[in-house]
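The values are calculated or read from the model by the stated rules, or taken from the named source; none is laboratory data. Fair warning: this is a prediction, and the values are worked out from it, not measured in the lab. No Cβ is skipped: glycine too gets one built from the backbone with ideal geometry, and neighbour counts run over all protein chains shown.
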Amino acid sequence: MSQVILPLNRGPEPVPMIDLVEQHQSIRTEVMSAVERVFDSQKFVLGDDVDSFEQDVARYCDSRFAIGCASGTDALVLALKGLGIGRGDEVITTPYSFFATASSITRAGARPVFVDIDPVTFNLCPEAVAAAITPKTRAIMPVHLYGQCADMEPLWRLSVRHGVSIVEDAAQALGATYRGRKAGVLGNIGCFSFFPTKNLGGAGDGGMMTTDDKDIAARLRRLRVHGDVGGYNHVEVGMNSRLDALQAAVLAVKLRHLDSWSAARQENAARYTQLFAEHQLTNRIELPAVDSDCGHVFNQYCIRVPNGQRDEVLAGLRQRQVGCAIYYPKPLHLQECFSHLGGSAGQFPEAERAAAETLALPIYPELGEARQQRVVEALVETFAELDASKSHSVRRAA
């Protein structure tokens, strides 16, 4: 008697938070050709590939100069050092960001001064920045969080009025725009990260700085190589932070696709808006707001889940094999290593509320409509489960 093998009922396919493999497969031939060329040359640090990629980024951002380095964090540190910022100086920034934003200020020898965020965009609140400026303030470091530029005009006015520099933390915002201008040319120096999960991600780590100032560019170039101006002549103490040629070659290939990937992210964001409305979820979650002055590139797509339900929703999505993440669960002013700055709970209520409510959903370019539908259906099911659980508890209490 022959055995009948029935197909396994595996349920819906998981939806990852991000899928780098699918994107790589679409450009694999281009990427591997570039990698093989670098290996054949055996020139792995700086060199022609880095020079060429720096020129590509400068053209893309419409900046005069672009200077590669080893990471987005190093880009921030080098930018501050390049502006002569150090011990005794203050740099105003946001407490709601990745750790590197504030750690770079500390590593440069300066003091981070946190101010609260705008509750709609999650970016620096310009009025709070204005109130925090002191004679020790040397720079403002806005973060173009999640791929949307900060409101720069009031920050420009403050910069001019008080004679302070602007260092853009644009790690998540390559290709984002503010009033038609690209991130990276909205301050004195723009800083980018090429960590693999960024909109333009490498095959490892890497960073870039952009500027229109010739003298600043020259200083950044020497600071990334121990302050060497050539011939082992060190005019100041710098860092070892050079961009690998392999990374530059890979990133140069991917840069040619960046605008189409950004357009796909924007299309996914618009589809989320439509799907959430169709499934009547807009009364349960708050969607990302896009400033009319900005071209948002959605490095992350973060909703708000109010009423203390964020962590339960996260658990429900993961139970249904839908990827999600929290950016960022603890504001920087409450991090133990910054306790000497005197931060306390309640000091920056909007940053703390964002940390408690935001939830990032998949937004990568290859996501597609079917997987987005799965994400939204998983949210519907999760809220229904939470409502049923709450109703059951109410009945039991009665």
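Of a type in the set (Phe, Trp, Tyr), at pLDDT 95 or above and within 27 Å of residue 26 (Cα to Cα): is that true of residue 298 in this structure?
So residue 298 passes the test.
Going by the conditions given, is residue 262 crowded, with 19+ Cβ neighbours inside 10 Å, closer than 19 Å to residue 18 by Cα, outside the structural domain of residue 148 (by TED's automatic domain parsing) and under 15 Å from the mean Cα position of the chain (by Cα)?
Here the answer is yes, as residue 262 does meet what is asked.
If residue 201 passes every condition in (1) in the same structural domain as residue 292 (by TED's automatic domain parsing); (2) within 17 Å of the chain's Cα centre (by Cα) but one, which one does it miss?
In the conditions (1) in the same structural domain as residue 292 (by TED's automatic domain parsing); (2) within 17 Å of the chain's Cα centre (by Cα), residue 201 misses (1) alone.
So if I check each of 85, 105, 92, which one is in the same structural domain as residue 212 (by TED's automatic domain parsing), under 13 Å from residue 140 (Cβ atoms) and surrounded by fewer than 24 Cβ atoms within 10 Å (Cβ to Cβ)? I'd like the intermediate steps shown before the answer.
On the way: 105 fails: surrounded by fewer than 24 Cβ atoms within 10 Å (Cβ to Cβ); 92 fails: surrounded by fewer than 24 Cβ atoms within 10 Å (Cβ to Cβ).
Of the residues listed, the single one that is in the same structural domain as residue 212 (by TED's automatic domain parsing), under 13 Å from residue 140 (Cβ atoms) and surrounded by fewer than 24 Cβ atoms within 10 Å (Cβ to Cβ) is 85.
Just to be sure I understand, how many residues within segment 356-389 are in contact with a helix residue (DSSP H, G or I) (Cβ under 9 Å, 6 or more places away or on another chain), within 30 Å of residue 257 (Cα to Cα) and either among the charged types (D, E, K, R) or not in a helix (DSSP H, G or I) (or both)?
Of the residues in segment 356-389, 11 are in contact with a helix residue (DSSP H, G or I) (Cβ under 9 Å, 6 or more places away or on another chain), within 30 Å of residue 257 (Cα to Cα) and either among the charged types (D, E, K, R) or not in a helix (DSSP H, G or I) (or both).
Yes or no: residue 353 in the same structural domain as residue 274 (by TED's automatic domain parsing), of a type outside the set (Phe, Trp, Tyr), more than 22 Å from residue 95 (Cβ to Cβ) and part of a helix (DSSP H, G or I)?
On the way: in the same structural domain as residue 274 (by TED's automatic domain parsing): yes; of a type outside the set (Phe, Trp, Tyr): yes; more than 22 Å from residue 95 (Cβ to Cβ): no; part of a helix (DSSP H, G or I): yes.
The answer is no for residue 353.
Give me the pairs: first residue in segment 230-244 and on the phi > 0 side of the Ramachandran plot and in a loop (DSSP other than H, G, I, E, B), second residue surrounded by 10 or more Cβ atoms within 10 Å (Cβ to Cβ) and not hydrophobic (A, V, I, L, M, F, W, C), beta-carbon distance under 9 Å, and six or more apart or on different chains, which are they?
Pairs that qualify, where the first residue is on the phi > 0 side of the Ramachandran plot and in a loop (DSSP other than H, G, I, E, B) and the partner is surrounded by 10 or more Cβ atoms within 10 Å (Cβ to Cβ) and not hydrophobic (A, V, I, L, M, F, W, C), are 230/222.
Are any residues in segment 49-103 without any contact (Cβ under 8 Å) to a residue 12 or more places away in the chain and within 26 Å of residue 180 (Cα to Cα), and if so, which ones?
Answer for segment 49-103, where residues must be without any contact (Cβ under 8 Å) to a residue 12 or more places away in the chain and within 26 Å of residue 180 (Cα to Cα): 55, 59.
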